[in-house]
1. Out of residues 5 or more away from B:Leu394 or on other chains, whose amide H comes under 5 Å of its own, with H placed 1.01 Å from N in the peptide plane?
2. In a shell of Cβ-Cβ distance under 12 Å around B:Met275, excluding B:Met275 itself, what net charge do Lys and Arg (+1) and Asp and Glu (-1) give?
3. Mind ordering B:128-139, A:144-155, A:115-126 by average Cβ neighbours within 10 Å, highest first?
4. Percent of Cα-Cα pairs per 5 Å bin, from 0 to the last occupied bin, for segment A:3-117, please list those.
5. Quantify how strongly other chains surround peptide B:261-274 by giving the mean number of their Cβ atoms within 10 Å of each of its Cβ atoms.
6. Report, by chain and number, residues whose modeled amide H sits under 5 Å from the one on A:Met58, excluding near sequence neighbours (fewer than 5 apart, same chain).
7. If each of B:Ala190 and B:Thr64 carries a label point 7 Å out from its Cα toward its Cβ, how far apart are those two points in nm?
8. Based solely on its DSSP helices, what 222 nm [θ] is calculated for chain B when runs of n ≥ 4 H residues each add -39,500 (n - 2.57) and the sum is averaged over all residues, nearest 500 deg cm²/dmol?
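Since every read-out is calculated from the coordinates, none of them should be taken as a lab result. Keep in mind that this is a model prediction, so the values were computed, not measured. Note: ideal-geometry Cβ built from the backbone for every residue, glycine included; neighbour counts use all protein chains shown.
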Amino acid sequence: MASVLLIEDDPSVRRGLQLALSRHGHDARTAGSGEDGLREFRTHPPDLVVLDLMLPGMDGFAVCRRLREAGEVPVIMLTARGDDADVVGGLEAGADDYVVKPVQPAVLDARIRAVLRRGTSAPDGVRVYRDLRIDTAALTVTLAGEPVALTPTELRLLLTLSRSPGRVLSRQQLLEEVWEHGYLGDSRLVDNGVQRLRAKVEENPAAPEYVQTVRGFGYRFGPV
Amino acid sequence: MTDGPGRFRGLRARLLVAFVLVTVLGAAAAAWTGAVLARNALLEESRRQAATTIGGRVTAVAPTLDLPPDQVTLDRLRDAVGGRALVVHENRTSARGLDAGVLPDELRAAVRGGDRIVTQRVVADGTPWLLVGTPLVTTAPDGARTPSGIEVYAARDLADVQRQIDGLTTRALATAAIVLPLAIVLALLAARSVLRPVRDLRDTARRLADGDLGARSPPRGSDELADLTLTVNRMAGSVQTSMEAMRRMEADARRFAADVSHELRTPLATLTAVMEVLDGATDDLDRDAREAAELAIAETHRLVRLVEDLMEVSRFDAGTARLRVEDADATAVVRETLRARGWTDQVRVDAPEHLPARFDRRRIDVVVANLVGNALRHGRQPVRVGVCASADTLRIEVSDRGPGLPDDVIGHVFDRFYKADAARVRSGGSGLGLAIARENARLHGGDLTAGNDDGGGARFVLTLPRQAREPAPREEET
């Protein structure tokens, strides 16, 4: 179904997850190091990368940054539970989501599907707000005529917020709609996604026009 | 510097009083003895002098007297004695002079019956007098002495002597009075020199008791107190050494637990991944193999939980557990915890519709899930979760209708790996659930307590500050 690149250094974990992902219908390729992973990524571009952060040599954060530079491929990172530094660092490096090791394949599969779904939407025409133009059918965004390259997560976040400009959406709501996380989802995903979105669509990300913070409640689009 | 109350001050006071008493009593005794000796010497001297003078005069005039004497003879004898004097012969007395009424009877009797000079001190009209009495004895040419029946009395004023004695007494008292403040000062100095090492020792002992195991007192000199100080220092030293060894061992044990669980995570990640593959393939296996596969799957999940709990406990031990507080609705969190685990129908929730607070949602989810899970497993239904709050405290109560916690268990339910009875060993829990729940409560600045309801059944009460705060960020540990 989806082609997944799994970068994980431990051979048993790598093989185990590959077996499990295959059973969930994914075409899982694997790499045992960051360098191999990037090479594999270039030769066979996957739909999505599952990335272990603890890698020998080039670490997961560096790999994640390289992947971000190369394009908009979604990245799900494998972290140790409760290792907040990993989560924060991984999100800052551009990861879209994370799962905690040891992960149940069913959970990882659900995340993979959720991330890939973000690249699709029910089209309802073109939304234009000042310089920002969002084509919900072609799933393209332009800012003052220039195309803006958004990852599926950033795109889904923008689509969700801009669906009803001026309406405040809580982190909880955004987590459920964009990330498809349950009640105990990590709201740092939202804050990090908003930051990355702002960096791409706002003229001045420190004084955002489109994606505004509503203190104590969440985020809203506009008013523009 | 503060002097401790009670005993310590008492010791100083006792030392002071004892020292002053001894010093003043000693000085007073010495002064008093001196005064008494001097007084006796003075009195004896004046007595001897008076007796000699009067005896001499009487002896000088005696041969010239006519016996038995007439009034003239008595008067002449009285004049010869001089001063205040009285001469008595049978019922006759010399004219003028001393009034016979002042003479005590015992003096008269002693003079009349004896043949030597008798003295006695009397006080008349507030003035001390020395009375001297002597019988007049005639000595025949052959040496035979016969009493003449004449008694001679004279009075000597002792006022001067008394003044001297008074002066001596006053000086003795003055000496004692001067010694008193001196004694107090000396006593204070002595008390201080004795008590300072005692106080130092007390301060050191107090610091040791407060956990400052590096506290020591410098020994002064080589007396018993210095010995005691050295002993206390040695004791503190060995306590410190054993404590350090124990702490090191404890830290090692905890690090070991953390390392072990960390190392277990990688193989568990593989097992978790392949168990699902195995799970999907059990239909093709024969009955025994299927049962074996199912056991392996179930035990892998248990192992994962155990390792995750161990790692969580290790994070609390290492102080690396982080609180992530958010604005949240306590009622919604509780309901969501129950819903996510399929417990909604088995648990009654008594809570306001919304209860805004600030806490770490995921940690509270873990606590509530643990408490409700325990209640459903070990207690009897209905299991009830009560949520309420005051302005600054959030309270979540989980109770059941089971047999409750035995008294000897209540104190241990939060112990790691504590199992109330053997039957619970295989209940599926890691044995760390309640320990972690309480650590989570404390991380919020709250607490978790265990007890029993009035109507029987266990009741766990979680209290949290309504607005939990994240601790000030520390340097990130690696």
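1. Under 5 Å from the amide H of B:Leu394 lie the amide H atoms of B:Leu464, B:Arg466, each far enough along the sequence or on another chain.
2. -2
3. Result, highest mean Cβ count within 10 Å first: B:128-139, A:144-155, A:115-126.
4. With a bin width of 5 Å, the distribution comes to 2, 13, 26, 28, 21, 8, 1.
5. So the per-residue partner count for this stretch is 6.
6. Amide H to amide H, under 5 Å and 5 or more residues apart or across chains, A:Met58 pairs with A:Gly34, A:Glu35.
7. Between B:Ala190 and B:Thr64, the simple spin-label model gives 6.8 nm.
8. Values: 10 runs with 260 residues, N = 478.
So the calculated ellipticity at 222 nm is -19500 deg cm²/dmol.
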